[in-house]
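Note sheet for the following structure.
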Amino acid sequence: MNSADAWARAFEEGFKLVDESIMGRVRYRHAASIDATRIAVVYDDWRGALAGRVYGLRLLEELDFDRRQPIQTAMGIVLGELVEPTDEGRERDSTVLKPINSKYPGIHWFGSVP
């Protein structure tokens, strides 16, 4: 398993570790590598709307540097970023996002999206 796939799995597991009472309407949908350096996480946001975020592997590795526990780091990101209310994202028609956009039409992306 490569690093991107390992991080995608860490997000899947990280979502499971957060109690539903904290999650509110936030629900995990999908996580996958979109290229050799980034993963995409798809979820229902605090409004119940379909949302996605792209994370660079370098950033994830830096955040996990002192722990070396990707699942715990991913859970921290879920709690710190994904559960919190945010502005509405934007639809993006990027080549690397096309497979995910076709699987989840109407997804609104947040963060540093290609």
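Its alpha carbons considered, the range 1-85 gives a radius of gyration followed by a Dmax of 12.0, 35 Å.
For the range 65-85 and the range 10-44, what is the separation of their Cα centres, given in Å? One Cα centre to the other: 10 Å. Between 41, 14, 59, the Cα set farthest toward the positive side of the dipole of the chain (charges on each charged residue's Cβ, about the Cα centre) is that of 41.
Helices in the chain, meaning DSSP H runs of at least 4 residues, each add -39500 (n - 2.57). Divided by all residues, the mean residue ellipticity at 222 nm is -9500 deg cm²/dmol. Each residue, residue 59 and residue 91, gets one label point 7 Å from its Cα in the Cβ direction; the gap between the two is 2.4 nm. When you restrict to C-alpha pairs under 8 Å that are six or more residues apart and normalise by the size of the range 31-88, the relative contact order lands at 25 percent. Largest to smallest in accessible area, the residues 20, 81, 13 fall in the order 20, 81, 13 (1.4 Å probe, all protein chains included). The phi-based Karplus calculation (6.51 cos²θ - 1.76 cosθ + 1.60; θ = phi - 60°) puts the 3J(HN,Hα) values of the range 48-53 at x, 8, 6, 9, x, 9 Hz, whole numbers, x for Gly and Pro.
Solvent-accessible area of the range 5-68 (1.4 angstrom probe, protein heavy atoms only): carbon and sulfur portion equals 49 percent. About the centre of its Cα atoms, the chain shows a dipole size close to 300 debye [charges on the beta carbon of Lys, Arg (+1) and Asp, Glu (-1) only; nearest 20 debye].
For residue 38, the residues whose amide H sits under 5 Å from its own are 57, ignoring neighbours fewer than 5 places away on the same chain, with H placed 1.01 Å from N. Contact order, relative form, for the chain: 28 percent (alpha carbon pairs under 8 Å, 6 or more residues apart, mean separation divided by residue count). For residue 37, neighbours were defined as the other residues whose beta-carbon sits under 12 Å from its Cβ, and their charges (Lys and Arg +1, Asp and Glu -1) total 0. Accessible area per residue for the range 25-114, computed on protein heavy atoms with a 1.4 Å probe, is 55 Å².
The values are calculated or read from the model by the stated rules, or taken from the named source; none is laboratory data. Treat the numbers as computed from the prediction; the structure is a model and nothing was measured. No Cβ is skipped: glycine too gets one built from the backbone with ideal geometry, and neighbour counts run over all protein chains shown. When the accessible area is computed, the model is the full protein with side chains, heavy atoms only, and any ligands, DNA or RNA have been set aside. Shrake-Rupley method; radii C 1.70, N 1.55, O 1.52, S 1.80 Å.
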